[in-house]
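The values are calculated or read from the model by the stated rules, or taken from the named source; none is laboratory data. Owing to the predicted nature of the structure, the values given are computational and were not obtained by experimental measurement. For neighbour counting, all protein chains shown are included, and Cβ atoms are generated from backbone atoms with ideal geometry for every residue, glycine included. To get the accessible areas, we keep the full protein, side chains included, count just its heavy atoms, and leave off ligands, DNA and RNA. Shrake-Rupley method; radii C 1.70, N 1.55, O 1.52, S 1.80 Å.
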Amino acid sequence: MANKYSVPRGTYDILPDISYKWQFVIDVFRTVAREFNYKEIITPIFERSDIFERSVGETSDIVEKEMYKFEDKKGRIFALRPEGTAPVVRSFIENGLSLKPNSSKLYYLGPMFRYDRPQKGRYRQFYQYGIENIGSTNPYVDFEVIAFAYMFLSKLGLKNFELQINSIGCENCTKDYDRALKEYFTPFENDLCSDCRRRLKKNPKRVLDCKVKSCKVITEDAPSMLDYLDEECSAHFDQVQEYLKQMDIPFIVNPKIVRGLDYYTQTAFEFIDTTLGAQNTLIGGGRYDKLAEQLGGKNLPGIGFAGGFERLLLSMEEEKLSLGKPVNPKVYFIVLGDEARATAFRLINNLRLSGISVEYNSDKTSMNAQMKMANKTGAEFALILGEDELNKGKIIKKNLADGEQENIDLNDIVNSLKSK
Ligand code: AMP
């Protein structure tokens with residue numbers, strides 16, 4: 001019978017036989033962040049819920065349906081963060097980071113929470129990696145943010161992905177475009193899903209993003225955002241594409257990419273896995289020049305992206321890529337008899353102090369049981385210390401791969417392992 005205490009629906013445990021894979025991709029992400037000079041920022045996992053309502057947008061799926069909102073003991077309304085950009089921008093404003101050196105290029109890692117129907121690649125608690133570049137409207141910055149994502153996926157060895165970009169313009173472009181979309185969709189209103197009927201009234205661009213098949217068919221001939229970009233937005237978008245071409249980053253322009261959140265302006269992009277099923281967006285990002293103002297800051301442009309580790313791992317497994325190896329101890333320590341124990345414990349401590357990983361199991365006492373454990377842990381060497389060895393001031397060092405063994409002076413054992 002299943003235990004009544006089980007993990008909440010839409011969440012999962014990352015167990016030791018998987019966690020090393022997470023560490024592997026996180027290490028690659030941190031490496032790329034260092035190469036691009038992004039610094040880590042760590043914000044709380046809950047925030048005032050209006051931070052998301054104001055920025056992500058009242059009509060977004062996140063705010064309408066998916067936020068884990070709660071009241072604390074003093075009646076304040078908080079939300080488990082559903083995404084990372086608004087908290088980073090909140091922190092950026094609050095801490096005056098625009099005045100501090102090395103603080104405008106930030107990256108984050110951590111869990112996000114959305115109450116949605118769980119399925120493959122979609123969870124209620126999921127882990128995102130993301131970057132934000134705050135303070136510039138220069139199209140070079142858009143290019144660099146996209147190049148970061150491209151380099152990250154490429155370094156992991158992924159091949160089956162496609163970069164799709166679009167520009168959703170600024171407020172100036174959107175007014176006419178929204179009107180054109182309303183005109184286009186209104187005759188089909190009754191054929192749209194109930195969400196899209198609502199979107200049509202409040203934010204018609206969102207209809208373009210709908211994953212429902214019948215809505216997708218209707219959007220096929222919808223007017224293109226690209227025909228409504230003003231001169232400035234159009235030039236900005238051209239320049240981003242120019243940089244991508246110069247640096248041989250392949251992309252396609254997809255005018256249907258609108259991203260689900262209110263704060264996006266101009267460049268929007270997605271990295272799509274071309275083999276995964278419904279949940280195939282590996283990374284989504286875009287420019288958000290109005291976000292800081294919505295959060296009470298001054299005019300502070302920015303651009304960033306976020307991706308989910310779960311889908312990344314699915315893609316990597318699909319492409320049969322290496323995800324690192326579990327890290328096993330270097331040494332398994334075997335102690336025979338009570339006499340040797342005190343010396344053994346001191347030695348174990350010294351080995352660890354010198355940075356050598358050691359496993360010892362105090363429940364096993366016989367040679368046979370300890371040797372079995374040594375092989376199971378996948379250690380490189382077994383060190384064997386019994387009364388005989390102790391009296392001679394020696395210890396046996398056994399290479400567990402080829403079975404070769406040698407007697408080493410107790411005083412030399414740490415150095416002998418350090419040099420390997
Ligand atoms: P978004 O913030 O919706 O643009 O999402 C950015 C990225 O986070 C997506 O491309 C996914 O890789 C990942 N993601 C978003 N929502 C979920 C979820 N519910 N479960 C797993 N990954 C997610």
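What to note about this one:
- The Lys392 and Arg34 beta-carbon pair, evaluated with R₀ = 56 Å, returns a calculated FRET efficiency of approximately 0.70.
- Probe 1.4 Å, accessible area per residue of the chain, Å²: 51 Å²
- Integer Hz, Karplus 6.51/-1.76/1.60 couplings in order for segment 43-55, x for Gly and Pro: 10, x, 7, 10, 9, 4, 5, 5, 4, 7, 4, 6, 9
- With the charge dipole of the chain set up from +1 on Lys and Arg Cβ and -1 on Asp and Glu Cβ about the Cα centre, the Cα lying farthest toward the positive end among the listed residues Met112, Phe24, Asn299 is that of Met112.
- If the segment from Lys201 to Phe70 were pulled out straight at 0.36 nm per residue, it would be longer than the present Cα-Cα gap by 44.3 nm.
- Between Pro204, Pro101, Pro44, the Gaussian network model of the chain with springs among Cα atoms under 10 angstrom shows the greatest mean-square fluctuation at Pro101.
- Length gained on full extension, Ala369 to Ser357, computed as 0.36 nm times the residue gap minus the Cα-Cα distance: 2.3 nm.
- The phi-based Karplus calculation (6.51 cos²θ - 1.76 cosθ + 1.60; θ = phi - 60°) puts the 3J(HN,Hα) values of segment 268-284 at 10, 8, 9, 9, 9, 7, 7, 10, 5, x, 5, 8, 10, 7, 6, 9, x Hz, whole numbers, x for Gly and Pro.
- The chain, accessible surface, carbon-and-sulfur percent (1.4 angstrom probe): 48 percent
- Candidates Gln246, Gln128, Gln405, ranked by Gaussian network fluctuation over the chain, Cα under 10 Å, top entry: Gln405
- If you sort the three axes of the alpha carbon gyration tensor as a ≥ b ≥ c, you get a/c under 1.5 for segment 331-418, which makes it rounded.
- From phi via Karplus (6.51, -1.76, 1.60), per-residue ³J(HN,Hα) for segment 215-228 in Hz, x at Gly/Pro: 5, 4, 4, 5, 6, 3, 9, 5, x, 9, 3, 4, 6, 10
- In this structure, the amide hydrogen of Asp262, modeled 1.01 Å from its nitrogen in the peptide plane, lies closer than 5 angstrom to those of Gly57, counting only residues at least 5 positions away or on a different chain.
- Projected label distance in nm at Asp116 and Ser98, using a 7 Å step from Cα toward the beta-carbon: 3.2 nm
- For a label point 7 Å along the Cα-to-beta-carbon line of Met151, residues of segment 239-274 with backbone N under 20 Å: 240-251, 269-272
- Under 5 Å between amide hydrogens, built in the peptide plane, is the criterion, and for Gly169 it picks out Gln266 among residues at least 5 positions away or on other chains.
- GNM remark for the chain: springs join alpha carbons under 10 Å apart, and the peak mean-square fluctuation among Ala149, Ala379, Ala369 falls on Ala369.
- Fully extended contour minus Cα-Cα distance, from Asp412 to Lys298, at 0.36 nm per residue: 34.7 nm
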